[in-house]
Amino acid sequence: MIKTFRLLSAFLLSFFVVLWHPCVAAKRGPIIIGVGAGYSFFLDSSLSSYEVYHPRLVYFSEQLNLKHNFNCHVQYFPWHGFGFQLEFDHQKAGYSSDLKWYGSATPDGKIIEINHIEQPYKENWTISSITASILYVLNLRQEAKVRPHISAGVGYYFSSGDKDRFYDRTRLGPKTRGNQVRLGLGVKYRITPEIGINVRGVGGTIWRKERVPRTMLYVGSDQFDANIYFKSGRIVRLEELLVNSFSYLGISVSLEYTF
């Protein structure tokens, strides 16, 4: 998968270099600028809502959710119906946590008392990304107002949130940046020759670290690292519970202007 990502990245980079070549620019097609907003959600329901309970060890519940997003894009069409898109997306998200950590089990079955009790709280976090895509618009007729389109691209994301109250304890873990793949399917509607509306569905996968041949099977009551807690007082999720990647779906509506 990593090799495929690198090949696709090199492919897109080559096309953007060609895009700005003087001989191409002299015969350039339309340039479209769009600004819009949308809403996204996780595909993995177990990532959105998670709860574990043991009467002597822990009660812990968490909810992760994606919210509304703002996006803007530039599209360039050097050939009929075929073009490129550079997009910036800023995704709002939320996190809620309720933790009552009573104790931790040792390998020999003994219980170490911890009694770390927190009040439930909510945090906000964000995901921002830049994506370069190949775009194809199906021109049913030259004068057609409705034009379906598809896109596929690769990009880079970076996220922000509180380290202690979010990254260290959620299953997303401390990784705050990485690569992503985005696919799009939508419809453009031209109000005038220059102004149009773009309605599209967007799906993507974010890779947060190198993928390893294991699945997240551990759902036991020992959710956090007791050694780190005793040394520093910090609540840190166990490594085997961190998610390597996650996928999402969303819908976006943009207003576009054609030059």
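Since every read-out is calculated from the coordinates, none of them should be taken as a lab result. As the structure is a prediction and not an experimental result, all values here were calculated from the model.
Based on the alpha-carbon gyration tensor of the stretch 133-179 and its eigenvalue square roots a ≥ b ≥ c, which shape applies: rounded if a/c is under 1.5, prolate if not and a/b is larger than b/c, or oblate?
Since a/c reaches 1.5 and a/b is larger than b/c, the shape of the stretch 133-179 is classed as prolate.
Among the listed pairs Lys110/Lys163; Lys175/Lys231; Lys67/Lys100; Lys92/Lys145; Lys110/Lys231, which have their C-alpha atoms separated by more than 25 angstrom in this model?
Long pairs (Cα-Cα over 25 Å): Lys110/Lys163; Lys67/Lys100; Lys92/Lys145.
Tell me which residues come under 5 Å, amide H to amide H, from Ile114 once H is placed; ignore anything under 5 positions away on its chain.
Gly103, Ser104
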